[in-house]
1. Could you list, in sequence order, all residues of region 102-144 that are under 18 Å from Ser34 (Cα atoms) and among the charged types (D, E, K, R)?
2. Looking for whichever is more than 24 Å from Pro220 (Cβ to Cβ), open to solvent by less than 10 Å² (accessible area, probe 1.4 Å) and either in a helix (DSSP H, G or I) or touching a residue at least 40 places away in the same chain (Cβ under 8 Å) (or both) here; the options are Ala87, Ala64. Which one fits?
3. If you check Val19 against the conditions, is it of a type in the set (Val, Ile, Thr), open to solvent by 50 Å² or more (accessible area, probe 1.4 Å) and under 19 Å from Ile81 (Cβ atoms)?
4. I'm checking my understanding of the structure. Among residues of region 119-136 that are in contact with a Lys or Arg (Cβ under 7 Å, 6 or more places away or on another chain) and outside any helix (DSSP H, G or I), which one is most open to solvent (accessible area, probe 1.4 Å)?
5. Just name the residue that is most open to solvent (accessible area, probe 1.4 Å) out of those in region 90-118 that are at pLDDT below 95 and either β-branched (Val, Ile, Thr) or not in a helix (DSSP H, G or I) (or both).
6. Determine which member of the set Ala135, Ala153, Ala169, Ala165 is within 25 Å of Gly56 (Cβ to Cβ), under 20 Å from the mean Cα position of the chain (by Cα) and of a type in the set (Gly, Ala, Ser).
7. Within region 159-170, restricting attention to residues that are in a helix (DSSP H, G or I) and open to solvent by less than 10 Å² (accessible area, probe 1.4 Å), which residue is nearest to Tyr225 (Cα to Cα)?
8. How many residues does region 55-85 contain that are within 15 Å of the chain's Cα centre (by Cα) and aromatic (Phe, Trp, Tyr)?
Amino acid sequence: MNAILAAALFLPLFPLSMVFTVLYRRLPHPLARSLLLLVWPQVGLSVLPAPSAAGGWLGGWALASAGLYALRLLSVRELGIWTAQLAVTLWALLWLLPAAEPVQLRLQALALSLPLVLLAWAAQHLVRRHGAAHADVPGGLGTGAPRLAGVLALVVLCAVAVPPAAPFAVLLEVVRHVAPGMALALLLIALLWSWAGLRLLQGLLVGPPPRAPQRDLARPAVLVYALLVVACALLGVYLLGGAG
């Protein structure tokens, strides 16, 4: 039981998930947030007794946590909070994966965390330019800062498991191995992810052009983001190939 509670802290399940979300909000620097996003689920896998695609009360707990945070995403407008809550709902998938080699499980955890790291850095760009990474603060990024807007759109879509991004491969692996009822629930949760992502992007990108000129993202930074998004897609393709 102690191992399960420790795993529920690091592969966050509600209400223990609040420890992660509060900690994430109190780490303002994107490097610290990136390390947290990469390391936190890996610690959880180290103490998790074994994933179980058979369901049971642990599977139900994970599914309920994923659904709760997916619903909460719909009302969140601040990108940092949104990233932390998306992490919780994505990492719940790790509880439902079939038994596999430890290396495979850690790769799947990395597949879920990598787009979240990109979101953490994208939020920092918004903070530097507008003082906050809030959907109602910049507005009109699609016309005022098109390169930053394009990066935000790609990273958000990658994070909400749009194929062939890496989180989609993990979602598909879980759906293939759980009971039909749980698979349907997971697909509905994934629909909520996409809905929440589009709502967030609408607030950030759509709107009248700003009166004052906006400082756009530098081209070298755009290239780095593009390479990392491609890497995320290639990781997804690799995981899909392994699942097949």
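1. Arg106, Arg128
2. Just a single option satisfies the conditions, and that option is Ala87.
3. Yes, satisfied.
4. Across region 119-136, the extreme among qualifying residues is Asp136.
5. If we take residues in region 90-118 being at pLDDT below 95 and either β-branched (Val, Ile, Thr) or not in a helix (DSSP H, G or I) (or both), then Glu101 is most open to solvent (accessible area, probe 1.4 Å).
6. Step by step, each of Ala135, Ala153, Ala169, Ala165 is checked, and only Ala169 is within 25 Å of Gly56 (Cβ to Cβ), under 20 Å from the mean Cα position of the chain (by Cα) and of a type in the set (Gly, Ala, Ser).
7. Applying the filter and picking the extreme gives Ala159.
8. Total meeting the criteria: 2.
The values are calculated or read from the model by the stated rules, or taken from the named source; none is laboratory data. Everything numeric in this text was worked out from a predicted model, so none of it was measured. Backbone-built Cβ (ideal geometry, glycine too); neighbour counts: all protein chains shown. To get the accessible areas, we keep the full protein, side chains included, count just its heavy atoms, and leave off ligands, DNA and RNA. Shrake-Rupley method; radii C 1.70, N 1.55, O 1.52, S 1.80 Å.
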